[in-house]
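Before any comments, here is the structure.
Values in this text are rule-based calculations from the coordinates and carry no lab data. Given the structure is predicted, the values throughout are model-derived calculations rather than measurements. Backbone-built Cβ (ideal geometry, glycine too); neighbour counts: all protein chains shown.
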Number of protein chains: 2
Amino acid sequence: MTTFDHAALFRAGLPPAAARFNGFPRYNFIGGHNDAGSVPVEALVEASTNVLRREGRTLATYGLESGPLGYKPLRAFIAGALKARAGIQCAADEILITSGSLQALDLVNALFLAPGDTVVLEGATYGGTLTRLQRLGARYVGVELDRDGMRMDQLVRVLDDLKAKGVRPKFIYTIPTVQNPTGTVMPEARRLELLRIAASYGTAIFEDDCYADLLWEGTRPKAIRALDTRGQVIYCGSFSKSIAPALRIGYLVADWPVMSRILALKTDAGSGALEQMVVAEYASRHFDAHVAELNQVLKGKAEAMAAALEEQFGAAAEFARPSGGIFIWITLPKQVDTTRLGQVALAEGVALNPGAEWSADAAAGRHRLRLCFANAEPANIREGVARLAEICHREFGVPKRSANVAR
Amino acid sequence: MTTFDHAALFRAGLPPAAARFNGFPRYNFIGGHNDAGSVPVEALVEASTNVLRREGRTLATYGLESGPLGYKPLRAFIAGALKARAGIQCAADEILITSGSLQALDLVNALFLAPGDTVVLEGATYGGTLTRLQRLGARYVGVELDRDGMRMDQLVRVLDDLKAKGVRPKFIYTIPTVQNPTGTVMPEARRLELLRIAASYGTAIFEDDCYADLLWEGTRPKAIRALDTRGQVIYCGSFSKSIAPALRIGYLVADWPVMSRILALKTDAGSGALEQMVVAEYASRHFDAHVAELNQVLKGKAEAMAAALEEQFGAAAEFARPSGGIFIWITLPKQVDTTRLGQVALAEGVALNPGAEWSADAAAGRHRLRLCFANAEPANIREGVARLAEICHREFGVPKRSANVAR
């Protein structure tokens, strides 16, 4: 029993206490959870057996025998995959393995940001990035999106506004391919424009490409980093979406003058070596085939969720059919407060990400929400979306009719 | 080729750039590298095969099915091991799995410390703790050690001094069992005294017990956390020293009112799950036997290093024969500057940790050094220590005679 008062010693400005974990909700549409059936269990067993027998003894040294950038065969695999899939030319020594892409975000933030500094990002963007910036005391300005991602005319407007105030943003954070949450894919021409604009305003680009492998329609454009001739882009990727979220393996790509400063901020004595070894061993044999299969599963689930939304919400739910990724970004009528909807729905077993948490301007996201379709099975998706429509109707009178039934 | 000037955008106060990794030195006596032959490769293969086949699909969700505190079977194993080995009674929900004990340090620091805050610690202590505190802008005050660890009369003196200046330290950081770097083991009576003193000055205790499993002589005392009736101790442990350093699995123990605040600071979406699963599966079958065997290997290497030091340095090197752990803390004559010795030696293939980096008062550590004996084989230890003695003689005239040869 605690009688000592630690709280009197706590640092000011701590986030609120975490809640106890009580298991996953019945309809789990939040976060980046993925398809359990697609975890390549037997191939992971084979990979771990082979790599441990061959190199297990190197676990006795921090960083294996690869140094602080991470397991060399994994960096070599990533260099090859980035060349083939994203058009990026980089050496294995320009890649840093991180403990998930979240550590990559933390490192890039730590490189650039002091309290009061400004970041420019997509108006709807990854909630984890927004909370990180908030905790660091950084400011951020959102740029409007259209179906091709961040709008360049709006970016120029934002940068001009900032310039007029004497603010030079530290970097433009963008998720150009399968944008989180909107699912948009920025075309190559716009990527080139983004590079030109960023250069002319003297700001760096941080390209978060964590979802880019999960594209099942259309062609994956070259990464912005691939089009970058000035070394202005820091690039980040991950295996959380393409292999398994609980494996915490992300990576950063940057030129050495930048990387050597990032590396000095990575004081964790290395990211988990067994996961690096197993992912390298597995991915170098199976990655392309696995991702192709996974994308077909995700496509089926995306279709199931889109169909359920249409059936249950009808015209009340606006969304674009995803061409990749694991989520759908939905706009509901203005009267729906999705933060409250989320609270009520969670109590009834349906978990969703409210739009306010995924929006640079929380008010603009108030009637929007993100649903992840990757974890649930299609029947569960249909049930969960139906339950959500019922709750939304009860709380906000929307949808008025659904599944051809007046509610 | 980089032409964009990122450096103009970097945050002020960054650490210097990291150097490129060029492989390990021939005589690798730094850090916490361990014995390669003791990595239980076949048992890890078996563990990974079993746990992946049984639960591999749970990798599809962040946190597996265990929530943010970490893989439940691993927390259950740790709870049992802490009870049996350290006398600690705790529930699995009072244990947080971290990405190595370094993340545990980061989290506890983030819980308590703002720039200017003060920590009290052993006068010779883990260098990674000192650099972390420096980077956070925290202050620290060292307390003198004797053969039983931190001296309580000196602790009271330090706390009185601080109190007179109106400073209430946030916590006392101590490594009571196989202290890093001195190897001392604090007896139970002194632990009880430490608890009383800390309570009366209103300061918390952070007990770093990362080396405590590696004791081959004498009895392991109860942890300070085990003797704590007020919930005043936050406890940290690790598998890096007992299983393998490259596996990044550490843990914190704290009461829920403290743990729930720590957990809110852990924004990494979980520590690596495969490593947690494999360590849990392996450790629950083999931990006790493995540690007993490892300790015999380490004891042999400690004896090899102690013998080499006596042979090569004679009376010039003062040190206590280790009763556990992986390092020896050595005091050389005052004229030896071990920071310079370390630079010269590294260029000749011998890596050591200079005492200044392991000392709260850098000047007091100037003629001291830490050598790790766990990684090198005995023949390599003998050669490396002989080479070090030669270099030290050449640079500082010490040792005057060694191996019965006048130099």
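Data for the structure
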| read-out | value |
| --- | --- |
| Per-q log10 I(q)/I(0), the stretch A:169-324, q = 0.14, 0.18, 0.21 Å⁻¹ (Debye; single scatterer per alpha-carbon; no solvent) | -0.85, -1.20, -1.36 |
| The stretch A:64-130 and the stretch A:331-407: distance between their alpha carbon centers, rounded to Å | 33 Å |
| Taking A:Val336, B:Val233 and counting other C-beta atoms within 10 Å, the order from fewest to most | A:Val336, B:Val233 |
| Virtual spin-label span in nm between B:Val344 and A:Gln296, 7 Å along Cα→Cβ | 6.8 nm |
| Calculated FRET efficiency for the pair A:Glu311/A:Arg157, C-beta based, R₀ 45 Å, to 0.05 | 0.70 |
| Amide proton proximity set for A:Tyr71, modelled H, under 5 Å, gap of 5+ | none |
| Shortest-first nm distances, B:Glu65 label point to equivalent points in other copies (7 Å, Cα→Cβ) | 4.0 |
| Those lysines that a straight Cα-Cα span of less than 24 Å connects to B:Lys334, excepting residues fewer than 8 apart in one chain | B:Lys400 |
| Rg/Rg_ref, the stretch B:42-192, where Rg_ref = 2.2 N^0.38 Å and atoms are Cα | 1.30 |
| Sites B:Ala189 and A:Lys400, calculated FRET efficiency, Cβ-Cβ separation with R0 56 Å, nearest 0.05 | 0.15 |
| 5 Å binning of all Cα-Cα separations within the stretch B:1-57, expressed as whole percents from 0 upward | 4, 10, 10, 11, 10, 9, 11, 12, 12, 10, 1 |
| Sorted by Cβ neighbour density within 10 Å, fewest at the top, the residues B:Lys266, B:Lys165, B:Lys400 | B:Lys165, B:Lys400, B:Lys266 |
| The protein assembly as shown - mean residue ellipticity at 222 nm from DSSP helices (-39,500 (n - 2.57) per run, n ≥ 4, rounded to 500) | -13500 deg cm²/dmol |
| Shape category assigned to chain B from the gyration tensor of Cα positions, a/c cut at 1.5 | rounded |
| Ranked B:Trp358, A:Trp216, B:Trp256, criterion: other C-beta atoms within 10 Å, fewest first | B:Trp256, A:Trp216, B:Trp358 |
| Label 7 Å beyond Cα on the Cβ vector: A:Gly80 copy-to-copy distances, nm | 4.2 |
| Computed FRET value (nearest 0.05) for B:Ser260 with B:Arg196, which takes r as the C-beta separation and R₀ as 22 Å | 0.20 |
| Peptide ranges A:287-298, B:47-58 listed from the most packed, as the mean C-beta count within 10 angstrom indicates | B:47-58, A:287-298 |
| Restricting the stretch A:40-106 to chymotrypsin sites (Phe, Trp or Tyr not before Pro) in coil, as DSSP defines it, with at most 10 other Cβ within 10 Å | none |
| Residues of the stretch A:61-93 with amide N under 13 Å of a point placed 7 Å along Cα→Cβ from A:Ser284 | A:71-81 |
| Directionally averaged shadow of the protein assembly as shown, computed from the convex hull of its alpha-carbon atoms, nm² | 33.6 nm² |
| Cross-link pairs B:Lys72/B:Lys301; A:Lys170/B:Lys266; B:Lys170/B:Lys266 - those with Cα-Cα distance over 30 Å | B:Lys72/B:Lys301 |
